[in-house]
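K.L.:
This is the structure I have questions about; it appears just below.
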Amino acid sequence: MRIEDAVAQANEVVRGLLALSRNAPSHKVPTELGEVVSDTARLIRGLLPARIRLEIDVQPEQPVWVSGDKSQLQQLVLNLAVNSRDAIHGDGRILITARRIADTEGSADPVARLEISDTGEGIPPEMAEHIFEPFFSTRPREQGSGLGLAIVHGIVTDHGGRIQVRSDPGQGTTMAIDLPAIDPPPEASAELTPPAVQESRSQGMILVADDHRQIREIIAESLETAGFEVVSAADGNELLRLLDRHRKEVRLLVIDYDLPARSGVECVRTVRRAEGAPLPIIMITGAAAEGLEDALAGEALLLRKPFAMVDLVRVARRMTAVSENRGAP
Ligand SMILES: Nc1ncnc2c1ncn2[C@@H]1O[C@H](COP(=O)(O)OP(=O)(O)OP(=O)(O)O)[C@@H](O)[C@H]1O
Ligand SMILES: [Mg+2]
């Protein structure tokens, strides 16, 4: 019962992510595929039963740069991994790799290759040509909408890439995606090295309030991986209670707009009234939430879904750095 509950909730999160990404215009910046894979792996692990092993093979010392939209690329990896999960009925394995391939046959341009392989049931040859069609699905109606691969195809095309399917029925499937590789952006080498050092010491405490347990956990895990200590609340009252208890340590609040008990906006107002020193606040919202900017009156930074966890971490780093410097001479 409980397990089913968690699975249903996880599916809801995945569906939410799908729905959110569908209409979002893409925003391409230099993006490192290995980082996309590692980030998404955390989310995927939460969706896999124990009988399925997830292996990630990325090489941080050989970064794979593309011009891409990070949340769409995460979406792509997630959709493919979920398909692999659904294709594995007993024990099995999903392997995700990202590589930069220079000088492929017949092409001088370097290629960024992302591969998702599984040991699942495979795809019969006569079916292979249909799997990217919208609404093509072999899953029971309530499980599959048949949009996963259509979305993947859309994202790959939008990124100037192509996707190849190799499948042995009964053995497994590999989805190989080639995107145009780009040179590392100038600031990349500086940005990629520090985390290992940074993450060893605590970056400070962040209070996270969201009523969805899965989302709370994903946010907490991402922030903890980045070295923050995270305390989380399921509603507005709990948030204020926890803030009271940890006032000295808390450096940043991350609040969902749509909180039960006390709305996110109400929490922001209460905190602002009570706090002497301004505590940075990030408010997360999925809804269009007309007039929210006005209601917040610049008291909190608004982060609209869908956003990639790396973006949240980046903003959190920046905002906590600012609040740390404020007290310094
Ligand atoms: N790794 C895989 N192994 C075996 N079959 C696959 C794999 N990936 C996709 N398929 C087949 O392709 C079909 C279409 O996949 P797609 O992701 O578009 O839809 P879905 O998974 O059925 O539903 P949705 O992704 O919308 O929940 C699947 O129903 C399945 O039959
Ligand atoms: Mg699917």
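K.L.:
What whole-number distance in Å separates the alpha-carbon centres of the stretch 78-138 and the stretch 208-226?
P.N.:
29 Å
K.L.:
In nm, to one decimal, how far is the Glu61 label point from the Glu224 one, both placed 7 Å along Cα→Cβ?
P.N.:
Going by the 7 Å Cα→Cβ label model, 2.9 nm.
K.L.:
List the trypsin sites (Lys or Arg not before Pro) within the stretch 132-183 that DSSP assigns to loop and that have no more than 13 neighbouring Cβ atoms inside 10 Å.
P.N.:
Arg141
K.L.:
Here's a follow-up. What chymotrypsin sites (Phe, Trp or Tyr not before Pro) in the stretch 95-187 are in a loop by DSSP, with at most 10 other Cβ atoms within 10 Å of the Cβ?
P.N.:
Phe135
K.L.:
Could you name the lysines whose alpha carbon sits less than 30 Å from that of Lys28, not counting residues in the same chain fewer than 8 places away?
P.N.:
By straight Cα distance, Lys28 reaches Lys70, Lys305.
K.L.:
Applying 1/(1 + (r/R0)^6) with R0 = 35 Å to the Cβ-Cβ distance of Ala108 and Arg304, what FRET efficiency is obtained, to the nearest 0.05?
P.N.:
0.30
K.L.:
What ranking do 246-255, 205-214 get when scored by the average of other Cβ atoms within 10 Å per residue, highest first?
P.N.:
Those peptides, ordered most packed to least, come out 205-214, 246-255.
K.L.:
I need the calculated FRET efficiency for the pair Ala128 and Lys248, taking r as the beta carbon distance and R₀ as 56 Å, to the nearest 0.05.
P.N.:
Result of the calculation: an efficiency of 0.40.
We did not get these values from a lab; they are worked out from the coordinates using the rules stated. Computed from a predicted model, the values in this text were never measured in an experiment. With ideal geometry, Cβ positions are generated from the backbone for all residues, glycine too; neighbour counts draw on all protein chains shown.
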